[in-house]
Amino acid sequence: MRTTRWWVSAAAASLIAATFTPLAPTATAADPDTPITDPIPAKIRPSSLGLVLEEYAQLPKSEPNGPWTDGRIGTRHNRINYIGEMPDGSGRMYVPDLNGSLYVLEDGQHTEYLDVKAQYPHFFAWRGMGSGFGFAAFHPEFEENGKLYTVHTDAGNAPFASTYPAQTPSTVQSVITEWTADDPAADTFSGTKREIFRFGFRTQIHAIQQIDFNSTAQPGDEDYGLLYLAVGDGGIGVSSDVPQDLSTPAGKILRIDPLGSNSPNGEYGIPASNPFVDEPGALGEIYAVGMRDPHRFSWDAEGDHDMYMGHIGQHAVEAVYDVEAGDNFGWPVIEGRLAYRNQNQCYLYPLTEEMENAGYVYPVTSYDHDPPANWPCNSDSGHAISGGLVYRGQLDDLQGKYVFGDLVEGRVLYSEVDEFQRNGPREARVNELQLWDTEGNRMRMPDFVGDGRIDLRFGTDSDRNLYLLAKGNGKIWKVVDTKEAPVPQEVEPALRDDLVASYDFEHPFAANDGYEEDQGLSRTLLRMVNGGERMRVDDGAYPGSRNALQIHSAAESPTGTAWKAGVWDGDGAESLRAFNGAKGITVMGWVKMTGQNPTPGYNAIGLAGVLSGNSDGHGVRALLELIQVNGELRLVALGRRIDTGSSQTFAASQDWRELLPQGEWVHIAATFDYTTGEMALYRNGQPLDGFYTNPGDPWQVDGSGASATDPRGIKIGGSFPQNGSERNPCNCRMDTLMFFDTDLSGAEVARQYRRFTSPLGG
């Protein structure tokens, strides 16, 4: 009998869980050459708190102005990247679009206020995620002086002088422009402009992101009317000390007086209170140093009005910093709280004693990338922080929470500001907010956007309401309420430790949403073959499920090729090692027949299974399938204990068309006990009568488990990785496919089925 594991409820767990994030070792006692593969062991914690989002505006479709090749730029509906309120009491909101337009919104209706692109013949917005019209900032006295400021990128060969020596050769130039409106109350800009700052960057990435005024500063305050510039490292911080070099703007936050004139070009002022004004060889504009890509910053409207910045990391850590004058965040010497080495970007390393004593400022909260197990660690894994803001609006449950997100995959996160410890030994925990629409449906940002890549941003208004916006569909949502609800738990708690892989098709891999992220322990990325992201369709097998996997035979496929899914590694899938020598396996999932089955010319219907250790993509260790048994098609569990041995099949007695009727979601499961040779089938949590098709002992049962080899992968809907022949195509949909490294009991299968249909499931 298996031992039952006891788990507290999600709500109780959230109360007793550690408040602060455990961190990877930084002590000098650690071997400095030992890579740290998991920089932040504590993972993002699901919260029972949720945001209710109401659609506020739909912005027009726009296009980059050049021959883009990166779909992350050219396939977006538009490239809106912020929403704020004009500081004139009018209630008008403004939204910049990287493709060139600044919009004004009144009651959610848009007007193009200013076309920045049209004003600059060298405007560049077709290479680099941040290229184009990046940001707008309205002077706090805009109502009187009509002044606003923008940052955009020109082409690197634009014939204009850089304020300071540019990175050469320059791919883009970031340009800060002051615009003075003839009539500040007008909804369309007319007036004059002057360029106040220009700097050239080596690559098309990490130029100037945000520019902004301290929204909490009042007339007479030292910070009032000073403009902050978040300047990236130009993409060369990985191979140079540019972010630490005080003679260049790159990799810094600058603070300038746009109405002053004591700068080298005479177009702006350098505040005397800046921290490096009197340091020989240092630029007086510098406010803080040591950054790769300072994405977004904001000030807390209450308390000490602290400034918080979301910083996009290289391949490991996304961080939030409490920013003060003179801070050094350590890039590229360190990333987060660990040592960075450009020669091995897959990992970070313990700090040396010299690094610990260098005075670097550490994050107040952060999370790591944790790329899927079978994804190259030095490739983009679809993570980048979108810095947010401390909520100080009317919703009590959000008070004092720094709300931010992962801009790529669209997870909305928060940390408690009261837990922030500036340069303390611990970091505040990162929690993930649930999301709801106004109809009471639990959603994820991919559901709101209709795309696996979100490009999430945040904004606020003078009433401190919170807004979310996405380039994926060009929409803006307003947070109109909060909601408490149990954290969804699709897997029965007592079975969590045995769930090796699980695919619910609600988690597209943000770096390439033709893949699906594993919600099981192995974190094995699933490839959707031939149909890519189109295979993820709007359907759900149980309450709370919104997406399913569509698979097709070539005959019914829109592409003329079989749609299927799988994982393959000819050397054995190391991430699936739990099935190596397993004493039992369970394969289960939801199936809905959607087309002609079996496909004419075939006598089998492939569903889902775990491949054997020597499989060519067809041979299996454990499989759910429909095959011919004594001349009749039957639902079967088919397994193999020894890689080179024979298989055994347990076939359901009932007609498969009754078990899997057309157009109806059905939950099926197959269990395999390799120590006894017993197999079983279940439908909607109930056991099915059946029979074994092979006499004797084809598994050569001896009380031990399956072959001590890593399976070569998982196949869904047909053999994998073969792509030239279909073998056994299925025309059906699947939802929440689960692969356990034990043979579940009938009672456990039933409980897992009930989990899906209970309020806590999905």
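Pairs with C-alpha atoms separated by more than 30 Å, drawn from the list K117/K471; K147/K252; K478/K564; K475/K592; K483/K564; K117/K478, are K478/K564; K475/K592; K483/K564. Rounded to the nearest 0.05, what FRET efficiency is calculated for V277 and D245 with R0 set to 25 Å and r the Cβ-Cβ distance? After rounding, the FRET efficiency stands at 0.90. Remark: segment 70-292 carries a charge dipole of roughly 1080 debye about the Cα centre, counting +1 on each Lys and Arg Cβ and -1 on each Asp and Glu Cβ.
Taking the structure as given and computing Cα extents along the principal axes in Å, which label from [x] 93, 58, 49; [y] 100, 68, 57; [z] 87, 62, 58 fits? Answer label, from the structure shown: [x]. Take every pair of alpha-carbon atoms less than 8 Å apart whose residues are at least six positions apart; their mean separation over the length of segment 19-124 yields a relative contact order of 16 percent. In this Cβ point-charge picture (+1 for Lys and Arg, -1 for Asp and Glu), the chain has a dipole of about 2440 debye about its Cα centre. Between the beta carbons of Q654 and T675, assuming R0 = 22 Å, the FRET efficiency works out to 0.20 to the nearest 0.05.
Look at where the Cα atoms of segment 474-531 and of segment 562-638 average out, and the two centres are 22 Å apart.
Close amide H contacts of I312 (hydrogens built in the peptide plane, cut-off under 5 Å, sequence separation of 5 or more or a different chain): D293, H295. The lysines within cross-link reach of K43, meaning a Cα-to-Cα straight distance under 22 Å and a gap of 8 or more places when in the same chain, are K401. Since only G66, P87, G100 are under comparison, the one whose Cα sits farthest along the positive direction of the charge dipole of segment 64-110, derived from C-beta charges on Lys, Arg, Asp and Glu, is G66. If R0 is 56 Å, the Cβ-Cβ spacing of E302 and T69 corresponds to a FRET efficiency of close to 0.80. Restricting the calculation to Cα atoms, segment 70-292 shows an Rg/Rh of 0.95 when the hydrodynamic-style radius is the Kirkwood one.
Among 500-507, 180-187, the peptide with the highest mean count of other Cβ atoms within 10 Å heads the list, and the full ranking is 500-507, 180-187.
Rounded to the nearest 20 Debye, what is the dipole magnitude of segment 37-129 about its Cα centre when Lys and Arg each give +1 and Asp and Glu each give -1 at the C-beta?
Magnitude of the dipole: close to 500 debye.
So the label point goes 7 Å from the Cα of V238 along Cα→C-beta, right? Which residues of segment 510-542 then have their backbone N under 18 Å from it? From segment 510-542, the list is 511-512. Relative to the longest principal axis of the Cα atoms of the chain, helix 746-757 runs at roughly 40 degrees. The distance between label points at F691 and N262 comes to 9.7 nm (points 7 Å beyond Cα on the Cα→Cβ vector).
Please list, ordered by chain and number, the residues whose modelled amide H lies under 5 Å from the amide H of A166; skip anything fewer than 5 residues away on the same chain. Amide H to amide H, under 5 Å and 5 or more residues apart or across chains, A166 pairs with G200. Karplus-derived 3J(HN,Hα) values for segment 117-125, using 6.51 cos²θ - 1.76 cosθ + 1.60 with θ = phi - 60°, are 4, 5, 8, 10, x, 9, 3, 10, 9 Hz; glycine and proline are entered as x.
Summing +1 for each Lys or Arg and -1 for each Asp or Glu among the other residues whose beta-carbon sits under 9 angstrom from that of G310 gives 0.
3J(HN,Hα) along segment 614-626, derived from phi through the Karplus expression 6.51 cos²θ - 1.76 cosθ + 1.60 where θ = phi - 60°, amounts to 10, 5, 8, x, 10, x, 10, 9, 7, 8, 9, 7, 10 Hz, with x in place of Gly and Pro.
Distance between the 7 Å Cα→Cβ label points at R194 and S704: 8.4 nm. When the square roots of the Cα gyration tensor eigenvalues are ordered a ≥ b ≥ c, the ratio a/c for segment 37-195 is 1.5 or more and a/b does not exceed b/c, which makes its shape oblate. By the count of other C-beta atoms within 10 Å, a proxy for reagent exposure, I40, I196 are ordered fewest to most as I196, I40. If you take all other residues with their beta carbon under 13 Å from the beta carbon of A250, and give Lys and Arg +1 and Asp and Glu -1, the sum is -2.
Once Rg and the Kirkwood radius are both taken over the C-alpha atoms of segment 564-757, their ratio Rg/Rh works out to 0.93. The relative contact order of the chain comes to 11 percent, based on Cα pairs under 8 Å that sit 6 or more residues apart. In loop segments of segment 539-646 as defined by DSSP, there are no chymotrypsin sites (Phe, Trp or Tyr not before Pro) with at most 10 further C-beta atoms inside 10 Å of their C-beta.
Counting Lys +1, Arg +1, Asp -1, Glu -1, what net charge surrounds N694 among other residues with beta carbon under 13 Å of its beta carbon? My count for the surroundings of N694 gives +1. If you take the Cα centroid of segment 333-397 and the Cα centroid of segment 429-466, the two points sit 23 Å apart. Highest mean packing comes first when the peptides 468-481, 624-637 are listed by Cβ atoms within 10 Å, giving 468-481, 624-637. Put a dot 7 Å past the Cα of D380, heading toward its Cβ, do the same for E141, and the two dots end up 4.3 nm apart.
Every number in this text was worked out from the coordinates using simple rules, so none of it is lab data. Please read these numbers as outputs of a predicted model, since none were measured by experiment. Cβ: placed from backbone, ideal geometry, glycine included. Neighbour counts: every protein chain shown.
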